[in-house]
Each structure stands twice: as C-alpha cells, then as structure tokens.
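Chemist: Please find one structure pasted underneath; my questions will follow.
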Amino acid sequence: MPPGAAASQLDANQLSALDERLGALGELDYFQVLKVAASASPTEIKNAFYSESRNYHPDRFYHLADKATKDKVTEVYKRITEAYYVLRDDRKRQRYAADMAGPERAQKLRFSEATEVETKQAAKKEVEEQIGTHPKGREFFKTAMKDWDAGRFPAAERNFKMALTYEPKNEKYKEMLTKAHDKMHEEFKKGGDQFKIK
C-alpha cells in the first residue's frame, strides 16, 4: 500500500491494489502472505510481518469514510497476523511447510483452530506411544526406567513385564524388556554365581 493510504479515501489505484491483495488471499500460503521464502529465518519472518502489518494496520485507515474498504483492510491485516502466528512458532512452521509441499496444499493453506487441536493431539499421541496409554502401565514403566537407570536390571525386568500386562502391544515396553533381559544375561556371564536373581 503506497504512503498516504490513510487519507480520507483511497484513490483508484490504491483500491485496485487492495482488491487484488484481498482476492489473492484464498490462493496464498502464509509464506506468500508475508512475502518470504519457505526457508526464511525467524528474523526474516518477523521483519516481514512488521513491514506488512504496518502497511495494512486498521489504525492507518480509521478515517476512511467507506466501511466496506475498512473491512477489506481488516481482512488483509487479519490474514497477515494469522500467517505470523503460525510461522513464528518453529513446530507449527515446520508442519505447515510440510503441508505446503504435500498434495493437499490447497486444503491446508490456512492453519485453523481445528488444525491446531489436531497438531496437539498428534503430539500427545506421540508421547503416549512412547510411555504408554494406561495409567498403571505408565506407572510400572516409569518405575522400571528408574530401576534401569540405577542398574537394577532384575527389578527393571519385573516392572517392564508388569507394564506389559496392561499394554501387551506397547513396542517401547517390549524393547526395554528385551534390553533388561540382555543386560541381566551379560551381568550373569560376567559375574557367574555372584549374580543371582532373588
């Protein structure tokens, strides 16, 4: 938007530029909205946001007589802010960049609240898959990990087995049980009769 855009009304060129920008929003991803490359650094994204938000900040247009034009400016400004909200966050930006490179780009141009909930649920699921979904399974697994860290491998093995009784399909539990069993076997070979399971 050219300097002086906050006059009492926009000239034909300014109105045309505003309409063009608004019309293109449906096709633009957040990188394009902020006019940065997908590989832009956090600093570049921040600077682009400040530049674009200055151009389209509603306060610059408060004395426009035409409400419809003000609404258009507000809509552009909202999208600029939305783009920055997503791109300033490392995790969201990475996920969004992956979506833009994927086949469903057109459906994922905007990062809605539903998308954010989906992202949080995916992160939660990832954690649960690591430490389990059943409260008792998680409890035994945590105890087993403490035993493991302290070198109490027989106790760790027992607790990993207990965790598996609650979640027999948990791959993490199975993996750690095998490791505990292997450690016990190593210790037994090293120590002979000194290392007995009590």
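Chemist: Mind listing whichever residues of region 36-48 are more than 14 Å from residue 77 (Cα to Cα) and either in contact (Cβ under 8 Å) with a residue 12 or more places away in the chain or not charged (D, E, K, R) (or both)?
Modeler: 36, 37, 38, 39, 40, 41, 42, 43, 45, 46, 47
Chemist: Further question on the same structure: Return the residues of region 42-84 that are charged (D, E, K, R) and farther than 16 Å from residue 23 by Cβ; say none if nothing qualifies.
Modeler: Of region 42-84, the ones charged (D, E, K, R) are 44, 46, 52, 54, 59-60, 66-67, 70-72, 75, 78-79, 82.
Matches in region 42-84: 44, 46, 52, 54, 59, 60, 66, 67, 70, 82.
Chemist: Which of the residues that make up region 5-47 are assigned to a helix (DSSP H, G or I) and under 21 Å from the mean Cα position of the chain (by Cα)? Quick ask: steps written out before the conclusion?
Modeler: At the first step, the residues of region 5-47 found to be assigned to a helix (DSSP H, G or I) are 12-24, 30-33, 42-47.
Matches in region 5-47: 30, 31, 32, 33, 42, 43, 44, 45, 46.
Chemist: To continue, here is another question. Quick check: is even one residue across region 7-21 loosely packed, with under 13 Cβ neighbours inside 10 Å, assigned by TED's automatic domain parsing to the domain that holds residue 102, of a type in the set (D, E, K, R) and in contact (Cβ under 8 Å) with a residue 12 or more places away in the chain?
Modeler: yes
Chemist: Continuing with the same structure: From the list 128, 157, pick out the single residue that is surrounded by 12 or more Cβ atoms within 10 Å (Cβ to Cβ), modelled with pLDDT of 80 or more, among the acidic types (Asp, Glu) and more than 30 Å from residue 84 (Cβ to Cβ). Break it down stepwise before answering.
Modeler: Working: 128 fails: modelled with pLDDT of 80 or more.
The conditions single out 157.
Chemist: All but one of (1) modelled with pLDDT under 90; (2) surrounded by 14 or more Cβ atoms within 10 Å (Cβ to Cβ) hold for residue 148; state the number of the condition that does not hold.
Modeler: (1)
Chemist: Kindly establish whether residue 140 is hydrophobic (A, V, I, L, M, F, W, C), surrounded by 13 or more Cβ atoms within 10 Å (Cβ to Cβ) and at pLDDT below 90.
Modeler: Details: hydrophobic (A, V, I, L, M, F, W, C): yes; surrounded by 13 or more Cβ atoms within 10 Å (Cβ to Cβ): yes; at pLDDT below 90: no.
No: the conditions fail for residue 140.
Chemist: Give the residues of region 57-111 that are more than 18 Å from the chain's Cα centre (by Cα) and outside any helix (DSSP H, G or I), sorted by residue number. Lay out the reasoning, then the answer.
Modeler: The first filter runs over region 57-111 and keeps only residues more than 18 Å from the chain's Cα centre (by Cα), leaving 57-80, 103, 106.
Answer for region 57-111, where residues must be more than 18 Å from the chain's Cα centre (by Cα) and outside any helix (DSSP H, G or I): 57, 62, 63, 64, 65, 66, 103.
Chemist: Take the conditions over 37 Å from the mean Cα position of the chain (by Cα) and assigned to a helix (DSSP H, G or I) and apply them to residue 162. Does it pass? Before you say what the answer is, go through the steps one by one.
Modeler: Numbers: over 37 Å from the mean Cα position of the chain (by Cα): no; assigned to a helix (DSSP H, G or I): yes.
Taking the combined requirement at face value, the residue does not satisfy it.
The values are calculated or read from the model by the stated rules, or taken from the named source; none is laboratory data. Here the structure is a predicted model, which means the values were calculated and not measured. Cβ sites come from the backbone with ideal geometry, for glycine too, and all protein chains shown count toward neighbours.
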